[in-house]
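Some notes on the structure that comes next.
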Amino acid sequence: MISRPRLPVGVSLLLAVCIGLLIGAGQAPMGVWPATMAGVALLTWFMADRRPGPAFGYGYLIGLAMNTLTVSWVSVLGIWVGVALVAYLSLWWALLSLVISRLVRLKFWPLLIPAAWVAMEFAAGKVPFGGFSWTRLGFTTIDQPMNGWLAFVGVTGVSYLVAAVANSALFAVADRGRRVRVLAGALAIFVVGGLLNLTPHAEPEERVSIAVVQPNVNRHEHGTASYARSVTNNALSETIFALAEARTSGAHPDFIVWPENATDVDPIVDAETRRMVERSVQLAGIPIFVGAVMDGPAPDTRQTSSLWWDPEAGPQDIYHKRDLVPFGEWIPYREFLLPRLPILKQIGRQSVPGEGPGVVDAPIAANPNLRVGTIICFELAYDDTSYDTVLGGGEIIVSQSNTNTYGGTFQPPQQLVLNRVRAMETGREVVVATLNSLTGLVDTRGRVHDLTAEFEAASRIVEVPLRSNINLAVRLGSSLAWASVVITLAALGWSLLRRSEATGSMAHNEQPRGTAHDQH
């Protein structure tokens with residue numbers, strides 16, 4: 001058991017805020033991962049001997065501090081959007097804290113509490129409306145030795161390891177007798193993770209050359225009539241620069257990648273947009289992988305898509321984004337909410353999710369059977385969607401993002417971390433294409449190459465190997481998360497059962513003794 005001194009309410013409130021800030025400090029762009037581990041350990045200590053009400057309340061305050069630090073960038077959509085998201089996400093932290101206050105009473109709490117962390121992250125990424133899984137513990141490990149585990153147990157398993165190491169350190173402080181063994185085990189997690197990074201990767205026999213275009217666009221034009229045209233015009237212009245660079249450097253790109261929303265109007269239906277795309281493809285003489293907004297299957301709907309456009313055959317295989325941003329790309333309960341909240345009209349047409357893995361047939365001159373995996377922006381936060389690109393046969397991965405709305409905030413560097421994590425998990429290089437920020441290449445070690453700056457038109461030509469391996473992390477999928485949910489619920493049930501039995505036993509022992517006649 002962990003002992004915790006009684007603290008004045010004011011001190012407890014201040015400490016809760018500090019714990020939340022410490023946990024959030026490991027997320028990009030801060031990247032202070034030791035602070036996160038210290039915050040996780042302090043959270044467990046802070047919840048020891050807490051009654052349910054205070055545990056929930058202080059946990060909510062911890063969540064408010066953590067989420068305000070890390071994801072308040074969503075307030076660029078409107079201050080109340082940011083307030084609502086932070087307020088909602090903090091409920092998960094309150095629930096986690098409540099669960100920790102029960103689990104810390106059990107014998108194996110250093111192993112059970114990390115499972116509760118994973119269960120909370122999993123649930124927060126599912127409920128409601130697909131969830132918002134953006135600040136997981138595993139994301140804080142991208143620049144430390146523990147990232148070597150990503151290819152084997154995925155971000156889910158690494159989140160567990162982060163919490164396990166943090167709680168092991170706390171256990172070592174509380175239990176001197178087993179301190180050396182516990183700390184040695186925690187150190188081994190770091191050492192093994194670093195050694196796993198040395199695992200050699202098979203050298204692929206084939207490579208492709210890709211020109212990645214970052215069009216840039218005037219952010220202040222968004223929502224105006226000129227925006228939809230200017231973004232595609234800029235993509236065409238930067239494609240010309242990329243082709244000129246290729247020819248002067250002797251490079252021979254196999255295809256070109258445009259980012260999400262490079263056409264803000266359906267290029268199949270809209271004649272002018274189609275003309276600009278076709279002109280780009282004809283100038284290039286090679287296919288362009290177009291990030292496009294397309295008309296949806298029903299009136300007044302849209303889809304965010306990745307479209308393979310061949311210079312001779314025209315538009316070919318297509319993938320429609322599966323994981324949409326609630327209140328960003330679609331409105332839950334639209335018929336009820338839209339008349340009552342006029343601000344939601346800014347979202348525009350209701351987006352419709354696609355189906356199936358993000359893999360498209362992408363024939364090129366040197367490889368008519370090439371298959372490209374694509375992850376569109378917000379989908380990076382979803383394990384199954386990301387892993388499907390590999391399971392579906394993607395030999396390379398392209399990450400297409402807009403990021404225009406969130407430029408200059410914490411969101412682009414956080415999204416880049418997600419790209420790095422996915423590259424290490426899947427064992428695929430990730431070609432990152434953004435509208436106006438942080439375009440480049442991420443290799444399978446999570447290292448970033450040829451990164452562009454924000455708010456500039458730019459292009460990069462990258463050589464990418466074709467791979468067919470399937471890492472253990474991908475094969476495990478969400479099984480570790482489900483196992484953590486089951487373990488947490490079972491441990492919580494056992495904790496409540498013990499509490500009930502202890503309460504019943506105390507009540508029985510405190511009953512007044514009867515008379516001799518009564519006892520007969």
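Structure summary
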quantity: Selection within the range 278-297 - open to solvent by less than 30 Å² (accessible area, probe 1.4 Å) and over 20 Å from V212 (Cβ atoms); calculated: M294, G296
quantity: Only one of R322, R279 that is under 20 Å from A433 (Cβ atoms) and in a helix (DSSP H, G or I); calculated: R279
quantity: Some residue of the range 431-438 being out of contact with any strand residue (DSSP E or B) (no Cβ under 9 Å at 6 or more places or on another chain), under 24 Å from F241 (Cα atoms), without any contact (Cβ under 8 Å) to a residue 60 or more places away in the chain and assigned to a loop (DSSP other than H, G, I, E, B); calculated: no
quantity: Qualifying residue in the range 284-298 (condition: part of a helix (DSSP H, G or I) and either among the acidic types (D, E) or touching a residue at least 12 places away in the same chain (Cβ under 8 Å) (or both)); calculated: yes
quantity: Cβ pairs under 8 Å, 6+ apart, first in the range 47-59 and small (G, A, S), second not in a helix (DSSP H, G or I); calculated: A48/M1; A48/I2; A48/S3; A48/R4; A48/V104
quantity: R275, sole failed condition from (1) among the basic types (K, R); (2) free of Cβ contacts under 8 Å to residues at least 12 places away in the same chain; (3) open to solvent by less than 80 Å² (accessible area, probe 1.4 Å); calculated: (3)
quantity: Which numbered condition G477 fails, given (1) at pLDDT below 95; (2) open to solvent by 10 Å² or more (accessible area, probe 1.4 Å); (3) under 25 Å from V372 (Cβ atoms); calculated: (1)
quantity: Top-ranked residue in the range 8-38 [being touching a residue at least 60 places away in the same chain (Cβ under 8 Å) and in a loop (DSSP other than H, G, I, E, B); ranked as surrounded by the most Cβ atoms within 10 Å (Cβ to Cβ)]; calculated: G26
quantity: Flag for Q400 being more than 16 Å from V474 (Cβ to Cβ), crowded, with 24+ Cβ neighbours inside 10 Å and either in contact with a helix residue (DSSP H, G or I) (Cβ under 8 Å, 6 or more places away or on another chain) or not small (G, A, S) (or both); calculated: yes
quantity: Answer residue from the range 244-268, given it is more than 33 Å from the chain's Cα centre (by Cα) and touching a residue at least 12 places away in the same chain (Cβ under 8 Å) and is farthest from T374 (Cα to Cα) among those; calculated: S249
quantity: Residues located in the range 203-221, provided they are open to solvent by less than 80 Å² (accessible area, probe 1.4 Å) and outside any strand (DSSP E or B); calculated: P204, P215, N216, V217, N218, E221
quantity: Among the candidates D300, D310, residue that is open to solvent by 20 Å² or more (accessible area, probe 1.4 Å) and within 21 Å of E238 (Cβ to Cβ); calculated: D310
quantity: Qualifying residue in the range 241-263 (condition: aliphatic (A, V, I, L, M), open to solvent by 20 Å² or more (accessible area, probe 1.4 Å) and either on the phi > 0 side of the Ramachandran plot or touching an Asp or Glu at 6+ places or on another chain (Cβ under 8 Å) (or both)); calculated: yes
quantity: Count of residues meeting criterion [open to solvent by 20 Å² or more (accessible area, probe 1.4 Å) and part of a strand (DSSP E or B)] in the range 442-466; calculated: 5
quantity: Pick from the range 413-426, criterion surrounded by 21 or more Cβ atoms within 10 Å (Cβ to Cβ) and either modelled with pLDDT under 95 or of a type outside the set (A, V, I, L, M, F, W, C) (or both), ranking: farthest from V290 (Cα to Cα); calculated: E425
quantity: Positions within the range 229-240 being more than 12 Å from R279 (Cβ to Cβ) and either hydroxyl-bearing (S, T, Y) or touching a strand residue (DSSP E or B) at 6+ places or on another chain (Cβ under 6 Å) (or both), in sequence order; calculated: S230, E238
quantity: Some residue of the range 395-411 being farther than 16 Å from G291 by Cβ, in a loop (DSSP other than H, G, I, E, B) and among the hydrophobic types (A, V, I, L, M, F, W, C); calculated: yes
quantity: Lone unmet requirement of (1) of a type outside the set (V, I, T); (2) surrounded by fewer than 19 Cβ atoms within 10 Å (Cβ to Cβ); (3) at pLDDT 95 or above; (4) closer than 25 Å to S484 by Cα for A41; calculated: (2)
quantity: Long-range neighbours under 9 Å by Cβ, at least six apart or interchain, first residue more than 16 Å from L111 (Cβ to Cβ) and without any contact (Cβ under 8 Å) to a residue 12 or more places away in the chain within the range 176-192, second of a type in the set (A, V, I, L, M, F, W, C) and open to solvent by less than 40 Å² (accessible area, probe 1.4 Å); calculated: R179/F171; R179/A172; V180/A172; L187/V165
quantity: Residue list for the range 314-333, restricted to those being open to solvent by less than 60 Å² (accessible area, probe 1.4 Å) and farther than 23 Å from A381 by Cβ; calculated: G314, P315, D317
quantity: Leading residue by the ranking (least open to solvent (accessible area, probe 1.4 Å)) among those in the range 357-394 that are assigned to a helix (DSSP H, G or I) and in contact with a Pro (Cβ under 7 Å, 6 or more places away or on another chain); calculated: T389
quantity: Checklist (1) within 27 Å of G446 (Cβ to Cβ); (2) of a type in the set (G, A, S); (3) touching a residue at least 12 places away in the same chain (Cβ under 8 Å) applied to S97, failing item; calculated: (1)
quantity: Where E425 falls short, out of the listed (1) without any contact (Cβ under 8 Å) to a residue 40 or more places away in the chain; (2) in contact with a Leu (Cβ under 7 Å, 6 or more places away or on another chain); (3) more than 24 Å from T232 (Cα to Cα); calculated: (1)
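The values are calculated or read from the model by the stated rules, or taken from the named source; none is laboratory data. All values derive from a computational prediction rather than experimental measurement. Ideal geometry is used to build each Cβ from the backbone, glycine not excepted, and the neighbour counts take in all protein chains shown. Note: accessible area is taken over every heavy atom of the protein model, side chains too, but ligands, DNA and RNA are not part of it. Shrake-Rupley method; radii C 1.70, N 1.55, O 1.52, S 1.80 Å.
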